[in-house]
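Here the structure comes first, spelled out in C-alpha cells, and everything after it is commentary.
The values are calculated or read from the model by the stated rules, or taken from the named source; none is laboratory data. Small disclaimer: the values here were computed from a predicted structure and weren't measured. Virtual Cβ from ideal backbone geometry, glycine too; neighbours counted across all protein chains shown.
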Amino acid sequence: MKLLAILPALLPLVAAHFNVEAPPTRGGNEDTQPMFPCGGPTEPSRDRVRIPLDDPKLAIAMEMGHDQAAVQVLLGLGSNPGSNFNITVVKTFRQVGLGAFCLPEVSFSEEVVGFRPEDGMEATIQVLSNGDPKGGLFHCIDAVYSRSARYVKPESCKNSTGIEAMPFTGEAANRNANESTPNGQPQGGSGGSGGSGGSGGSGGSGGQGPTGNAAPLQTAAVWGVLGAAVAGGVALL
C-alpha cells in the first residue's frame, strides 16, 4: 500500500523527457536520448528537412519535460557529420516551464552560420536540452538547403502557458548546454550518460564528444538573433 501511495509522486520523474516535435528528427526514444551526438540513431534520415535558401530559417518545436533546462542549437556540415557539430546556431539559453516550447524562426543564414549556403548543401541540426544533473538530451534533424523550399511554421510551433526563455551571458552563454545547469552554472562530473560527453558547440572540448580533431568553432549567433526567435517568439505565439 505504501508503494502505491508514492507512485503518483514518482510519475513526473519518470515522465520527464525532451522531444523535438518539428521538424522530423532521426528518431530515438527516452532511453537513448542521453546518447551523444544524436540521441541514439547514427544514420541520417532519407528524407531531409529543406531549409529555404532564399530565407534560411526553420521553426523548431519542442516538448519540454523538465521544469527548467539549458537549451542550445548546433549545426554540422555534410551528409553525416558524425560528432562534428561545430557551428553554433543558437547559443545556450535558459528555458523555464513544462509542455510545448517553440523557436519560431531559427536562422541558418550566412550571418549566423559563417558560410554562404548553396542549393543542395547538406547538414545536420543538433538540438540539446539539459535539465538533468547527469547530462544532456540530444536530437538530430537532417537537413538540406533548397532553393525551392519556403518557410512554413508548423502547427506544433506554440508555447504552453508559463513558458519563458531568457539569455545567458558571459561564460554561461558559451558553455555547451549538456555541460550547463539550467541556471547557467557548469555541471559537475562528466557529461551525458552512455559514455558520451558534450557536443562540439561553443565553450570547450565537450567531454568525449569532438575534441582536438573537431574543426574550429564558428560562433556567429548572438542573442540579438536569438531574442527575435525566442523572447519575442514566446510572447507572440
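Some observations on this one:
- Filtering Gly201, Gly192, Gly197 for residues that are at pLDDT below 90, within 16 Å of Gln72 (Cβ to Cβ) and touching a helix residue (DSSP H, G or I) at 6+ places or on another chain (Cβ under 7 Å) leaves a single hit, Gly192.
- Filter result for Arg94 (out of contact with any His (no Cβ under 8 Å at 6 or more places or on another chain), closer than 22 Å to Arg46 by Cβ and basic (Lys, Arg)): no
- The one condition in (1) touching a residue at least 60 places away in the same chain (Cβ under 8 Å); (2) surrounded by fewer than 15 Cβ atoms within 10 Å (Cβ to Cβ) that Arg175 fails to fulfil: (2)
- Of all residues in the stretch 54-64, those satisfying the criterion of being crowded, with 19+ Cβ neighbours inside 10 Å and farther than 12 Å from His139 by Cβ are Pro56, Leu58, Ala59, Met64.
- Counted residues, the stretch 92-134 - those being farther than 18 Å from Ala173 by Cβ and crowded, with 22+ Cβ neighbours inside 10 Å: 7
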